[in-house]
Amino acid sequence: MIARALLLATALIAASCAAAVAQTQETFANRNLIAAPVLRANVQVSGDLVRIGDVIDNAGGAAQIAIYRAPDLGTTGSLPVVQVLNTLRAHHVIGVDTRDLKEISVTRLARTLEGKDIELQIARALERRNGLGDAANLSLSFDRDPSDVRLDAGFTGNMQAAIVRYDNRNGRFDVTFEIGNENGAAAAKLRFTGTAIETVEAAVLARNVDRNEILKSSDVMVERRPKAEAGADAAARDRAVGMQARRQLRAGQAIRTADLAKPDLVQRDQNVMLVYEAPGVYLTMRGKALDNGTEGDVVNVMNVQSKRTLSGTVIGRGQVSISPVSITPMASRLPQTSNATSSLGTTQPAPVAVATVSSPVAPKAE
C-alpha cells in the first residue's frame with residue numbers, strides 16, 4: 001500500500017516537472033519570437049520632435065516617447081550612437097542592435113515654398129482688383145524680402161488667399177494665405193505686405209537723341225515700366241524705329257507717341273529737286289528748301305536760278321512737287337510765246353532735266 005502511494009507520488013512529480021519544463025521552453029520560444037530593437041542609420045521626421053520609434057525598429061510600446069528636438073526645417077543633424085543608447089537605456093530600452101554604427105543622421109522633412117511662386121500667388125490674388133490689370137503685368141515690392149518659406153511636411157494644402165487688401169491710392173497691398181495640414185493641425189498662415197504697380201512694355205531710348213534725329217533700331221530697346229510713367233500713349237518699339245524725334249530726348253526715357261513724327265524728307269537749307277508736272281510736260285530743276293517737311297507737307301522752296309520763292313508739296317526724299325495751281329497767276333501775266341521753264345520763274349532753260357510728251361496742246365520746252 002505504501003509502495004503504491006510512493007509510485008503515484010513519483011508519477012505526479014514527474015508530470016509536474018515535465019509541464020514546468022515545457023512551459024519554460026515555450027516562454028523562451030516566445031521571447032525569441034520578439035524581434036530585438038535595431039538602430040536606424042538615417043532618420044526622417046516631419047515634426048519638431050524625434051521619438052524612440054523614429055530611431056529604432058521594433059520599439060514596441062516605447063515608440064511614441066519623445067527623446068530629442070528635431071533639427072530646423074529642411075536640415076539634417078547627426079547623433080553619436082553612444083548618446084542615443086544612453087537615452088534609450090534611460091527609458092528602459094535595452095539590447096539594441098547598433099549594426100556597428102558610430103552615429104546616425106536625423107533629417108527634418110519640410111515643404112519649401114519658393115519666393116517666385118509666392119510672388120506669383122500674390123499677383124494672382126491682386127489681379128484686376130481696384131483698378132489693377134493682369135497678374136502678368138504687376139510688379140511687386142515687398143516690405144520684407146519673400147525668400148523661400150519652409151513649412152512642416154504635413155502642410156500639403158494649396159495656398160488659399162484668405163485676406164486680400166489693396167489701396168490704389170498708394171499701391172499698398174496686404175495679403176494673407178492659409179495652407180491646410182493633412183494631419184489635422186491648424187492651417188498655417190502666411191502674411192505679405194508691400195507695393196503693387198502695374199507695368200507695360202515700353203520703347204525706351206538707349207542714348208540721348210537730338211531734336212529732328214531719326215531713331216535707328218539700335219537706339220530703341222524694350223523695358224517694362226510703370227503704366228503711369230509710360231502713359232496711355234506709350235509707343236511700341238516697331239512704331240518708334242524710323243520715326244523722327246519732335247524734341248530732344250534723354251537716354252532711358254520711355255518714348256511716347258507724341259514725342260515722334262514722320263521723318264522729314266526735306267530739311268531746311270537742303271538742296272532739293274523741284275518737280276513740275278502738267279499734261280504732256282515733266283520738268284525738274286534745282287531748288288533750296290526753306291522749311292522742314294515730311295511726305296505730304298507743303299513747304300516753301302527757292303528756285304536757285306531765279307531766286308524766286310515757291311510753295312510745293314514734299315513727295316520724296318529731297319523732292320518737292322510744284323503744282324500747276326501755284327504758278328497759274330504768273331503764267332497768266334506772261335506772253336503766250338513764253339516757255340514752260342519761264343512760267344516756273346526762271347530766265348533760262350531748266351539746267352537739270354527736261355522731258356516732253358507729244359501732245360497737240362503741250363507747250364514747247366527748250
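The values are calculated or read from the model by the stated rules, or taken from the named source; none is laboratory data. Being a predicted model, the structure only gives us computed values, none of them experimental. For neighbour counting, all protein chains shown are included, and Cβ atoms are generated from backbone atoms with ideal geometry for every residue, glycine included. Side chains included, ligands, DNA and RNA excluded: accessible areas come from the protein's heavy atoms. Shrake-Rupley method; radii C 1.70, N 1.55, O 1.52, S 1.80 Å.
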- Can you tell which of Leu49, Leu33 is under 25 Å from Glu182 (Cα atoms), open to solvent by 50 Å² or more (accessible area, probe 1.4 Å) and modelled with pLDDT under 95? Leu49
- Which members of segment 167-206 meet the condition of being at positive phi and open to solvent by 40 Å² or more (accessible area, probe 1.4 Å)? Gly184
- With the condition kept exactly as written, say whether any residue in segment 267-275 is touching a strand residue (DSSP E or B) at 6+ places or on another chain (Cβ under 7 Å) and on the phi > 0 side of the Ramachandran plot. yes
- Please work out if Gly296 is assigned to a strand (DSSP E or B) and either closer than 25 Å to Gly318 by Cα or not hydroxyl-bearing (Ser, Thr, Tyr) (or both). no
- Task: Identify all residues within segment 309-322 that are in contact with a strand residue (DSSP E or B) (Cβ under 7 Å, 6 or more places away or on another chain) and in a loop (DSSP other than H, G, I, E, B); write none if there are none.
- Result: Gly318
- Message: Just checking, does segment 113-127 include any residue being assigned to a loop (DSSP other than H, G, I, E, B) and under 27 Å from Asp152 (Cβ atoms)?
- Response: yes
- In segment 278-293, which residue that is closer than 15 Å to Gly316 by Cα and open to solvent by 20 Å² or more (accessible area, probe 1.4 Å) is modelled with the lowest pLDDT? Asn292
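Table: residues versus (1) outside any strand (DSSP E or B); (2) basic (Lys, Arg); (3) more than 25 Å from Asp134 (Cβ to Cβ).
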| residue | (1), (2), (3) |
| --- | --- |
| Ala185 | yes, no, yes |
| Arg191 | no, yes, no |
| Thr195 | no, no, no |
| Val200 | no, no, no |
| Ala203 | no, no, no |
| Arg211 | yes, yes, yes |
| Arg224 | no, yes, no |
| Glu229 | yes, no, no |
| Arg239 | yes, yes, no |
